[in-house]
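**Student:** I am attaching a structure below and will ask some questions about it afterwards.
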Amino acid sequence: MSETFPPGFLWGTATAAYQIEGAPQENGRTPSIWDVFSHTPGKTANGDTGDLAVDHFHRRAEDVRLMADLGLNAYRFSVSWPRVQPTGRGPAVQRGLDFYRALVDDLLAHGIEPVLTLYHWDLPQELESAGGWPERETAYRFAEYARVVGEALGDRVERWTTLNEPWCSAFLGYGSGVHAPGRTDPVAALRAAHHLNLGHGLATQALRAVLPARAQISVSLNPACVRARTQAPEDLNARRRIDALANRVFSGPMLAGAYPEDLFADTARLTDWSFVHAGDAAVARQPLDSLGINYYQPAVVSAAGEGDTERHDGHGGGDHSPWPGADDIAFHRPPGELTDMGWSVDPTGLYDLLLRYTREAPGLPLYITENGAAYEDKPAADGSVHDPDRIRYLHGHLSAVRRAIGDGADVRGYFLWSLMDNFEWAYGYDQRFGAVHVDFETQRRTPKSSARWYAKVAATGELPEPPVG
Ligand code: FCB
C-alpha cells in the first residue's frame, strides 16, 4: 500500500491559549476558569499554573519561526476568550485582538495556514460566576464572542473551529471536577453538554453571518473509540451507554439534529432533560465544512464486576466519575504499550474512528486536529533531545491515517499535539507532549528529533520507516 498522503494535505501542530500564552493580566485580560482553578490549592500537579506557561505571548515571532523552519503548512491555535472579551460580553479589547492579528499575519507571511479555535476551555470567570456552561445564557454569550472574533479576524483567517473537545468541558469540568471549573455535579455536566451543543450551533450561525463565503467552519470532538471487554450482552450494553455519553451526546445534535433516545433513557434517573428546548438540536446542527477529530487512546469497558475499582478511563484521578449515571460500568486498561503518561498506544482506535465518521457523516472532510504522546524527554549532554518513542508513536498513527484514507476516509490534514511542551492542564508541567522541547526555567526551545522526522514527512508527504532504537 502506498504510504503517500494526498496532495494539499495540511501538516500542522496544535496548541491552546492557556497552555502556552502566559501573560494572564496583560492588556486587560481577566481570569478564565483555568486561572482560578489552577490557583486553587490541590487542583494541579505541583500547584502548577499557566501564569507564565511557555511565554508564547511574548515569544510569538520566535515560535512561528520554529514552525516555518520545520516547513509545516498549518497551525492550530486557540483564542483566549478573556483576552479579547474580558467580561464575556460586549465589545472586544482591541489590544487583545491585536495579539491574534499579529500571530495570524506572522503565520501567513511564512506560508502557514492559521486554523483558529474559538474555545479551548478558557471560559471567562465572570461567566462561570453567572452559572457557566450549565446555564443557557452561556451559549448566547459564546455566539456573541464568536461574532466579535469573526468580525475582527475574518479578513485573514479562513479556517474556524467553534469548540475543542466539548466532552472535556462538560464532563471533566462539571462532572469529575478534574478540569476547571472543578464542579462535581452529574446533572450540571449534562446541562453543560447541551449548552455547548447549542453554543456551537449559535456560534456557527454567527460566524456565517460575518465571515466571507470562503470561510470553513468546523468543530473538534474527542470521540472515544469504545470497545467492549467481551461480547457478553452486559458488556456490549456498557459500550453502547459509554458511546452515548462520550460521542453521540455531541454528534447526535451536531451532525444529525437530534439527541439519541437511549441517552435520555439511560440518564432518566438524573434528569428529564427539560433544559433541551424545542428546536435546540436543530440549531446545533449547522452545515459544517469539516469535522475535527482528536484522538489519543481507545477505551475498554464492561459491566462492573467485583474488583473493578481502579479507574482506567484516562481522565485523571478524583473521586467523582465523569460519566453521569454510569457507576456500574468499569473501564479497563487497554492491552499493549503505554506512553510515559500511562495512556495506551493503539493506532487502530484512530483508524476505527476515521472509518466510523466516514460512515456517519458522509461527504464531510475529516481532519485529525490532535494526536500525540507524552514522554519524559530530556536533553542530552550536547543539548539535543532524542525522542524515538514519539517518532514510533507518530509513525504508527500516521500509518493508520494513511490506511483509513486508502479505505475511503476523506482525511485532509493532521495536527500533532503539540508544537512544544506546555502546561498540560491538571498534570501541570509534568507531561511533555511537544515536538519542540521547552526548558521551563529558561524558556529555551529545542526541536526534538521527532520534530525533524515530522518535518520530513510534511515536506515529502511520505512516511519513512521508523528509526530503530
Ligand atoms: C486534549 C486537549 C489538549 C491536550 C491534549 C493532551 O484533550 O485538547 O489541550 O491537553 O489532550
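The values are calculated or read from the model by the stated rules, or taken from the named source; none is laboratory data. Nothing here was measured: the structure is a model prediction, and the numbers come from that model. We place every Cβ from the backbone using ideal geometry, glycine too, and count neighbours over all the protein chains shown. Heavy atoms of the whole protein, side chains included, go into the accessibility calculation; ligands, DNA and RNA do not. Shrake-Rupley method; radii C 1.70, N 1.55, O 1.52, S 1.80 Å.
A quick yes/no check of all residues on (1) in contact with a helix residue (DSSP H, G or I) (Cβ under 7 Å, 6 or more places away or on another chain); (2) part of a loop (DSSP other than H, G, I, E, B); (3) within 14 Å of Glu424 (Cβ to Cβ):
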residue	(1), (2), (3)
Pro7	no, yes, no
Tyr18	yes, no, yes
Gly22	yes, yes, no
Thr30	yes, yes, no
Val36	yes, no, no
Lys43	yes, yes, yes
Asp51	no, yes, no
Val54	yes, yes, yes
His58	no, no, no
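Listed here are the residues, each with its yes/no results for (1) within 16 Å of the ligand (Cβ to nearest atom); (2) out of contact with any Gly (no Cβ under 7 Å at 6 or more places or on another chain); (3) modelled with pLDDT of 95 or more.
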| position | (1), (2), (3) |
| --- | --- |
| Met1 | no, no, no |
| Gly8 | no, yes, yes |
| Ala14 | yes, yes, yes |
| Ala17 | yes, yes, yes |
| Val36 | no, yes, yes |
| Gly47 | no, yes, yes |
| Asp55 | no, no, yes |
| Ala68 | no, yes, yes |
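**Student:** Among the residues of the range 37-50, count how many are open to solvent by less than 60 Å² (accessible area, probe 1.4 Å) and not polar (S, T, N, Q).
**Tutor:** The total comes to 5.
**Student:** I'd like the full set of residues that are more than 27 Å from Tyr140 (Cα to Cα) and surrounded by fewer than 14 Cβ atoms within 10 Å (Cβ to Cβ), limited to the range 82-107.
**Tutor:** Ala102, Asp105
**Student:** Being part of a loop (DSSP other than H, G, I, E, B), closer than 29 Å to Leu288 by Cβ and within 13 Å of the ligand (Cβ to nearest atom) narrows it down to one of Ala409, Ala373, so name that one.
**Tutor:** The conditions single out Ala373.
**Student:** Pick from Leu350, Leu291: which is open to solvent by less than 50 Å² (accessible area, probe 1.4 Å), under 18 Å from Ser418 (Cα atoms), aliphatic (A, V, I, L, M) and within 16 Å of the ligand (Cβ to nearest atom)?
**Tutor:** Leu350
**Student:** Related question: Looking at the range 267-287, I want the residues that are closer than 20 Å to His200 by Cβ and have a partner that is part of a loop (DSSP other than H, G, I, E, B) and of a type in the set (A, V, I, L, M) with Cβ atoms under 8 Å, at least 6 apart or on another chain. Which pairs are those?
**Tutor:** Close Cβ pairs satisfying both conditions: Ala281/Ala258.
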